[in-house]
1. Can you tell me which of (1) closer than 20 Å to ILE181 by Cβ; (2) assigned to a helix (DSSP H, G or I); (3) modelled with pLDDT under 90 is the one SER56 doesn't meet?
2. Select from the range 31-60 the residues that are free of Cβ contacts under 8 Å to residues at least 60 places away in the same chain and in contact with a Phe, Trp or Tyr (Cβ under 7 Å, 6 or more places away or on another chain) and list them in ascending order.
3. For THR83, all conditions in the list (1) closer than 20 Å to GLY178 by Cα; (2) out of contact with any Lys or Arg (no Cβ under 8 Å at 6 or more places or on another chain) hold save one; what is the number of the exception?
4. Given the options SER95, SER102, name the one that is of a type in the set (Ser, Thr, Tyr) and surrounded by fewer than 17 Cβ atoms within 10 Å (Cβ to Cβ).
5. Among residues belonging to the range 17-47 that are over 15 Å from the mean Cα position of the chain (by Cα) and among the aromatic types (Phe, Trp, Tyr), point out the one that is nearest to TYR76 (Cα to Cα).
6. Restrict the check to the range 159-166 and report whether at least one residue is among the acidic types (Asp, Glu) and either at pLDDT 90 or above or exposed (fewer than 14 other Cβ atoms within 10 Å of the Cβ) (or both).
7. Please find, within the range 34-53, the residue that is modelled with the lowest pLDDT out of those that are more than 18 Å from GLU101 (Cα to Cα) and either touching a Leu at 6+ places or on another chain (Cβ under 7 Å) or not aliphatic (A, V, I, L, M) (or both).
Amino acid sequence: MDKSVKTALIGFLVVLIYTLFLWVDTQRWVVPFPLFSYILWVVVLAQRMGNQTHKSEFNLLLLYLSLRCLGNPFTYTFFLNETQYYAFVEGPVLSMIRILESLVVLPLIVRAIGFSNVIRRLLTIGLFVAHGLTLLPSFEAWNYGIIPLLVLVLFIVKERPIILSALVLMGFFDVLEGLSIWLG
């Protein structure tokens with residue numbers, strides 16, 4: 001088993017164990033959604049540090065996850081009091097961070113799939129269009145499906161980038177979070 005796969009499995013196990021401890025404590029299934037972006041960031045950073053030959057492959061994903069962590073309102077609960085927190089959350093900063101996060105997804109898609117042939121070009125453009133639709137208010141909940149869709153496309157075209165295990169973990173977390181929103 002590759003180091004990057006082991007690291008992604010450790011991230012998954014951390015979430016599973018934390019969820020089980022919450023279940024034992026509360027007798028309810030509570031999945032720690034606010035922690036997903038931080039766990040993913042640590043997993044990708046560990047993968048980047050552990051893979052000396054392909055460090056640059058992880059940089060774009062690490063930037064995306066850094067923006068995801070900064071866009072997570074939970075991050076600011078440690079630094080701001082309650083009044084400052086509510087003023088900050090309703091201000092324009094989080095929206096700007098989320099816009100940047102949405103823009104970083106585009107080169108991530110290109111880097112993962114590429115433009116080497118017509119099929120890949122069509123798939124990349126299709127993912128661009130799907131991601132563009134998630135920016136519209138009526139399709140905004142579908143944003144949780146972009147990374148899982150990217151992983152699905154990577155499996156269809158039989159492309160195995162070095163960041164695939166991190167993308168699979170991110171896709172799994174996005175599916176969990178999206179289902180909780182759609183069903184909750």
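1. Condition (1) is where SER56 drops out.
2. Matches in the range 31-60: PRO32, PRO34, ARG48.
3. Status for THR83: all satisfied but (1).
4. Sole residue among the options that is of a type in the set (Ser, Thr, Tyr) and surrounded by fewer than 17 Cβ atoms within 10 Å (Cβ to Cβ): SER95.
5. Checked the range 17-47; the qualifying residue nearest to TYR76 (Cα to Cα) is TYR18.
6. no
7. To start, the set of residues in the range 34-53 that are more than 18 Å from GLU101 (Cα to Cα) comprises 43, 46-53.
Among the residues that remain, those that are also either touching a Leu at 6+ places or on another chain (Cβ under 7 Å) or not aliphatic (A, V, I, L, M) (or both) are: 43, 47-48, 50-53.
Values: VAL43: 93, GLN47: 91, ARG48: 91, GLY50: 87, ASN51: 85, GLN52: 80, THR53: 84.
Across the range 34-53, the extreme among qualifying residues is GLN52.
Table: residues versus (1) over 24 Å from THR53 (Cβ atoms); (2) acidic (Asp, Glu); (3) at pLDDT below 90.
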site	(1), (2), (3)
LEU122	yes, no, no
THR134	yes, no, yes
TRP142	yes, no, yes
LEU152	yes, no, no
LEU169	no, no, no
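The values are calculated or read from the model by the stated rules, or taken from the named source; none is laboratory data. If you're wondering where the values come from, they're calculated on a predicted model, not measured in any experiment. Don't worry about glycine lacking a Cβ; one is built from the backbone with ideal geometry, like all the others, and counts go over all protein chains shown.
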